[in-house]
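The structure appears right after this line, and notes come after that.
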Amino acid sequence: MLTVRKSCDRGHADHGWLRSLHSFSFAGYRDPRYMGFGNLRVLNEDWIAPGAGLGQHGYRDLEILSYVVSGELASRDCSGRVQSVPAGCVQRMGAGAGTTCAEFNPLPDRAAHYLQIWIDPAPRDRAPDGAQVPGPARRPAGRLHLLAAPAHAALEGPAEPSGPVLAVQADVRLHAGLFDGPQAAELPLDPVRKCYVHLLRGSLEANGHPLAAGDAVFMLQEERLRLGRGSAAEVLVFDLAA
């Protein structure tokens, strides 16, 4: 079963310094139909104004991925250490039993455009930790590249030749790819799991269904994902625990 959700159906918030589109219920946006999908709890598409940001705040029992589309995102942990995440990179933070951080746009003249992704961890109550790896902008187009996988799988299996695999403490595999023109790719799926496709920009077809920027696809009991007929497309694919 495959369901397409259009970009315009997402929740939204505009705080002046922060503009956000919510794929799932978050903060003041609540829709009982979209409380998450599998162990994917939050996917927000955010734009932080130049020089602005969110002060120190806490997280617990979440695997948090920040996928930077354009501009630059910076974070400051509870010890004061600052880590910068440029466009084309993904940052992981394992909140574990509890941690705090601040997130801000360090650039004075350009918005930070990124996806904030929250995934239920397994197990819970671990010590907090984090890491950073290159994103798909540094990988060849026309393919899906594995960016993140469960820690045991990422450590035991070889990384793809195009880049490292980020080890996460959650049952999820995150793929990303760039597609244009005749480029196409297929991904085998386990029908007992769930698959979620989010198109960041451009246009693309998923199993024959046309998608525009911001559209998403929910897949249940499917055995294969086919992507193609793209135009300047950048896409994320989540293979999720049910």
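The values are calculated or read from the model by the stated rules, or taken from the named source; none is laboratory data. All figures in this text were calculated on a predicted structure; none of them were measured in a lab. Backbone-built Cβ (ideal geometry, glycine too); neighbour counts: all protein chains shown.
Conditions (1) of a type in the set (D, E, K, R); (2) within 24 Å of residue 236 (Cβ to Cβ); (3) buried (at least 21 other Cβ atoms within 10 Å of the Cβ); (4) in contact with a strand residue (DSSP E or B) (Cβ under 7 Å, 6 or more places away or on another chain), marked per residue:
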{"site": "20", "(1), (2), (3), (4)": "no, yes, no, yes"}
{"site": "32", "(1), (2), (3), (4)": "no, no, no, no"}
{"site": "59", "(1), (2), (3), (4)": "no, yes, no, yes"}
{"site": "69", "(1), (2), (3), (4)": "no, yes, no, yes"}
{"site": "72", "(1), (2), (3), (4)": "yes, yes, no, yes"}
{"site": "81", "(1), (2), (3), (4)": "yes, no, no, no"}
{"site": "95", "(1), (2), (3), (4)": "no, yes, yes, yes"}
Just to be sure, is residue 200 out of contact with any Lys or Arg (no Cβ under 9 Å at 6 or more places or on another chain), surrounded by 23 or more Cβ atoms within 10 Å (Cβ to Cβ) and within 20 Å of residue 139 (Cβ to Cβ)?
-> no
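Determine, yes or no, whether residue 112 is under 22 Å from residue 19 (Cβ atoms), crowded, with 21+ Cβ neighbours inside 10 Å and not charged (D, E, K, R). Show your work before the answer.
On the way: under 22 Å from residue 19 (Cβ atoms): yes; crowded, with 21+ Cβ neighbours inside 10 Å: yes; not charged (D, E, K, R): yes.
Against the criterion (under 22 Å from residue 19 (Cβ atoms), crowded, with 21+ Cβ neighbours inside 10 Å and not charged (D, E, K, R)), residue 112 qualifies.
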Apart from one, (1) over 24 Å from residue 235 (Cα atoms); (2) surrounded by 17 or more Cβ atoms within 10 Å (Cβ to Cβ) all hold for residue 129; the odd one out is (2)
Residue 92 closer than 30 Å to residue 180 by Cβ and not acidic (Asp, Glu) = yes
Can you tell me which residues in the range 214-228 are surrounded by fewer than 19 Cβ atoms within 10 Å (Cβ to Cβ) and part of a strand (DSSP E or B)?
-> 218, 220, 224, 226, 228
Scanning the range 160-189 residue by residue, the ones that are polar (S, T, N, Q) and modelled with pLDDT under 95 total 2
A careful count of residues in the range 10-33 that are touching a residue at least 24 places away in the same chain (Cβ under 8 Å) and part of a loop (DSSP other than H, G, I, E, B) gives 4
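Answer yes if at least one residue in the range 190-213 is in contact with a helix residue (DSSP H, G or I) (Cβ under 8 Å, 6 or more places away or on another chain), at pLDDT 95 or above and in a strand (DSSP E or B), and no otherwise. I'd like the intermediate steps shown before the answer.
In the first step, residues of the range 190-213 are kept if they are in contact with a helix residue (DSSP H, G or I) (Cβ under 8 Å, 6 or more places away or on another chain); the result is 212-213.
Narrowing further to those that are at pLDDT 95 or above: 212-213.
Cutting the leftovers down to in a strand (DSSP E or B) gives us 212.
Yes: one or more hits.
Identify all residues within the range 85-132 that are of a type in the set (Gly, Ala, Ser) and closer than 17 Å to residue 49 by Cβ; write none if there are none. So that I can check it myself, show each step before the final result.
Of the residues in the range 85-132, the ones of a type in the set (Gly, Ala, Ser) are 87-88, 94-98, 102, 111-112, 122, 127, 130-131.
Passing the criteria: 87, 102, 111, 112.
Which strands (runs of 3 or more DSSP E) sit wholly inside the range 50-129 and have at least 1 residues that are out of contact with any Cys (no Cβ under 7 Å at 6 or more places or on another chain) and at pLDDT below 90? Walk me through how you get there before you give the answer.
Values: elements: 53-59, 63-70, 72-77, 82-86, 89-94, 99-104, 112-119.
Ranges flagged: 53-59, 82-86, 89-94, 99-104.
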